[in-house]
Structure formats: C-alpha cells, structure tokens
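To start, the structure itself, in structure tokens.
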Amino acid sequence: MLTEMFVIMNIIGLVAFAVVGSFKALKENLDLFGITVLGVMTALGGGITRDLLVNKIPYALKSFTDISFALGGVWLAIVLYRIFKKDISNRFFILIPDAVGLSAFTTTGALIAYDAGVTFFGIIILATLTGIGGGVISDILLGKVPTVLKDDFYASCSIIGASAFYISVQSGVELNLSAFVCAAVVFMIRILAILYNWRLPRFS
C-alpha cells in the first residue's frame, strides 16, 4: 500500500520535471506543441517506464491527475520564461528544478519497488530509472546523447538515495520517514555535485 508520501513526491516530481523539459524546449526554440510534448514526456517518462517494469498499467494512463500536474508544470515554465527570459540561459534555471525532480521521482520509484516486493537490486533499478527516465527521453527527443551517459554526477545520486531508503527500511524506520531520507539524500548530493562540479572518471 503506497503512502501519502508517494502522492506528495509524485506531484513534486511531475511539476519539477515538466518545468525542466519545457525549459529545454524553450532553449531549443521549439514551438508551443514542442514545448508541451517535451515537458509532458520529461514529467511522465520515468514513471511510465517504472510502472511497466512492475507489470502495472501506468498511473499516468489511469487518471487525469498526472497529466494535469505535468501540464501545470509546462504552464509554469512558460510563465517563468516570460518573466525571466533574459536569464533563461543560466544553467541553474534547469539544474535546480531538475535536482528537485530527481529526488522526488527517485523516491517514488523506491516506494513502488518496495510495494512490489522486489530485491535491493530491484529497488535501485526502479528508483534510478524513475529518476533519470524523463531526462533521458527529453534528450533523445532533442537528438542529443543523454547527459546521464556522458557527463555529470547524476544517476549516482539516485543510486545512493535508493540505497539510503533500503537501509532505512531494513533498519525499521517508518516508510514515510525512509522516503523522506531518500529524497533528502538525493537532493543534497545532487546540489553538492552541481556546486562542486563533480564528475565520474573518464577513460579516454
């Protein structure tokens, strides 16, 4: 049985990633349809992938709630763009909401995985795919190699956060608090990675 924390984190993730996808589209000078498609797919992509892997009809397809919040995030991004247009090139316009979305969706993935009764490895996989899936889809739609595969300390944040969730649950910590721990760990590590320009090693 999923908790109220799932609902909260899902809403936060939907809005945050819709904003991120829409900002990416705006930077590429896409039209309104392109902005909407990229924003919605960034918001819904990770969750749909997660649900399919646990053999469930995606939540996004069963109610208007997810699509409504995703469209709300697109609208919010357009409003923010109109207000701060001259500053939209600032990378923090995308990176900060992206960190929020990553932490929220990593948490929803961990909760879904826990509810499905999968192993530790399953929790890590589902949490990470939920966190990074939307961003990967948006990069592919823009014809780019997904950022998570070539630079930036990104998916690692989800892996660490999901591990913290698993350890908390196995230690007897209440599920909502374990979910909060997951979100906080992912967000803090991602912010540190942004501030200190953390990168994984390359071999070329």
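The values are calculated or read from the model by the stated rules, or taken from the named source; none is laboratory data. Remember, predicted model here, so these are calculated numbers, not experimental data. Virtual Cβ from ideal backbone geometry, glycine too; neighbours counted across all protein chains shown. We work out accessible area using only protein heavy atoms, side chains counted, and drop any ligands, DNA or RNA first. Shrake-Rupley method; radii C 1.70, N 1.55, O 1.52, S 1.80 Å.
In this structure, the amide hydrogen of D152, modeled 1.01 Å from its nitrogen in the peptide plane, lies closer than 5 angstrom to those of L200, counting only residues at least 5 positions away or on a different chain. Taken about its Cα centre, the chain carries a charge dipole of roughly 500 debye when the Cβ of each Lys and Arg holds +1 and the Cβ of each Asp and Glu holds -1. For the chain, hydrophobic long helices are taken as DSSP H runs at least 27 Å long by C-alpha position along their axis with mean Kyte-Doolittle hydropathy of 0.5 or more; these are 4-27, 32-53, 65-84, 92-116, 120-141, 175-195. Separation of the range 147-204 from the range 107-124 is 15 Å, based on Cα centroids.
Note on the chain: Lys pairs 8 or more places apart or on different chains, Cα atoms under 22 Å apart, count 8.
Working from label points 7 Å from Cα in the Cα-to-Cβ sense, the F203 to S68 distance is 5.0 nm. For the chain, a Gaussian network of Cα nodes joined below 10 Å ranks L126, L44, L142 by mean-square fluctuation, and the top entry is L142. Per-residue ellipticity at 222 nm, computed for the chain from helices alone with -39500 (n - 2.57) per DSSP H run of at least four residues, works out to -26000 deg cm²/dmol. Applying both filters, DSSP loop and at most 13 other Cβ atoms within 10 Å, to the chymotrypsin sites (Phe, Trp or Tyr not before Pro) of the range 1-87 gives F64.
Distance between the modelled labels on F121 and L32, one decimal in nanometres: 4.9 nm (7 Å Cα→Cβ projection). For the range 69-152, carbon and sulfur atoms together expose 69% of the accessible surface, with a 1.4 angstrom probe and every protein chain in place.
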